[in-house]
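The values are calculated or read from the model by the stated rules, or taken from the named source; none is laboratory data. None of these values were measured; they are calculated from a predicted model. Counting neighbours? That spans all protein chains shown, and the Cβs are built from the backbone with ideal geometry, glycine included. Note: areas computed on protein heavy atoms with side chains; ligands, DNA, RNA excluded. Shrake-Rupley method; radii C 1.70, N 1.55, O 1.52, S 1.80 Å.
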Amino acid sequence: MSTIQLTPLRRPAQTAERAKLQRQARRLAWGGIAWHFVEFGIAVGAGIAASSIALLGFGIDSLIEALAGFVVLWLFTGRRVNSPTAERRAQQMIALSFYILAAYIGVEAIRSLVGGHQPDPSWVGIGLAAFTAPTMPLLASAKRRVGHKLDSAATVQEASQTQLCAYLSIALLAGLGANALLGWWWADPITALAIAAVALREGRESWKGDSCDCC
């Protein structure tokens with residue numbers, strides 16, 4: 001009786017083109033991480049100075065976006081490359097980062113509204129939001145393009161998080177502007193609640209394994 005030897009399944013071959021795309025994904029992730037740390041420092045500093053929950057939320061979102069960038073670096077390093085298990089785990093880690101942001105900002109925004117806390121105007125925050133709104137879509141587009149070529153849902157979802165930063169910048173600009181120019185203090189926590197709602201939606205989609213191509 002002849003013996004049949006079963007050959008274990010192998011991962012897809014690591015082609016030169018795919019390796020190049022993975023290097024590009026890592027470079028884009030590092031670039032985003034560097035900027036998000038700068039963004040975090042400016043936003044949190046300005047938020048504390050102005051007692052603005054929207055600015056603090058934006059700053060924390062920047063930190064979470066940086067952590068999501070580290071998830072992409074983790075995904076495309078070592079034995080995790082081309083691993084479906086690592087891909088799914090990366091999506092779940094990004095989803096958890098969204099949930100943490102939504103919970104924190106939601107609670108703080110409600111407390112601010114109920115307590116009638118009035119933040120001071122922040123021109124530094126307005127300047128930061130005005131700069132971020134047009135630049136983040138460019139980075140998000142590059143990340144999404146690479147993610148699609150790699151067939152990596154986690155990378156595409158992380159690009160959606162970068163795009164979310166642009167949308168939040170627009171909301172932040174409107175909220176801070178209304179407070180500074182019109183004295184509408186409630187625009188700040190309302191903006192923060194909008195940030196929390198969008199983060200919750202993105203987290204739910206990432207946890208389910210959906211990659212948002214609508215952004």
Any pair with Cβ under 9 angstrom, 6 or more apart, that starts in region 19-46 at a residue that is within 10 Å of Leu73 (Cβ to Cβ) and ends at one that is assigned to a helix (DSSP H, G or I) and open to solvent by 60 Å² or more (accessible area, probe 1.4 Å): Ala29/Phe70; Ile33/Leu67; Ile33/Phe70
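How many residues are open to solvent by 20 Å² or more (accessible area, probe 1.4 Å) and either closer than 11 Å to Ala109 by Cβ or not aliphatic (A, V, I, L, M) (or both) if we restrict to region 176-191? Let's see the steps before the verdict.
Residues of region 176-191 that are open to solvent by 20 Å² or more (accessible area, probe 1.4 Å), as a first pass: 180-186, 190.
Still in the list and also either closer than 11 Å to Ala109 by Cβ or not aliphatic (A, V, I, L, M) (or both): 183-186, 190.
Looking only at that region, the number is 5.
Going by the conditions given, is Ala199 crowded, with 24+ Cβ neighbours inside 10 Å and either hydroxyl-bearing (Ser, Thr, Tyr) or within 12 Å of Leu55 (Cβ to Cβ) (or both)? Let's see the steps before the verdict.
Values: crowded, with 24+ Cβ neighbours inside 10 Å: yes; either hydroxyl-bearing (Ser, Thr, Tyr) or within 12 Å of Leu55 (Cβ to Cβ) (or both): no.
Judged against the criteria, Ala199 is not a match.
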Could you give every pair whose Cβ atoms fall below 6 Å, whose first residue belongs to region 180-195 and is over 14 Å from Ala50 (Cα atoms), and whose second residue is in a loop (DSSP other than H, G, I, E, B), counting only separations of at least 6 or pairs across chains? none
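Regarding Val156, is this residue at pLDDT 85 or above, closer than 30 Å to Arg27 by Cα and part of a helix (DSSP H, G or I)?
Values: at pLDDT 85 or above: no; closer than 30 Å to Arg27 by Cα: yes; part of a helix (DSSP H, G or I): yes.
No: the conditions fail for Val156.
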Single unsatisfied condition, Ala129 versus (1) in contact with a Leu (Cβ under 7 Å, 6 or more places away or on another chain); (2) within 29 Å of Thr85 (Cα to Cα); (3) not polar (S, T, N, Q): (2)
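Report, by residue number, each residue of region 144-160 that is open to solvent by less than 10 Å² (accessible area, probe 1.4 Å) and either out of contact with any Lys or Arg (no Cβ under 6 Å at 6 or more places or on another chain) or among the β-branched types (Val, Ile, Thr) (or both). If you could, list the steps in order and put the result at the bottom.
Going through region 144-160, the residues open to solvent by less than 10 Å² (accessible area, probe 1.4 Å) turn out to be 146-147, 150, 152, 154-160.
Scanning region 144-160 gives Val146, Gly147, Leu150, Ser152, Ala154, Thr155, Val156, Gln157, Glu158, Ser160.
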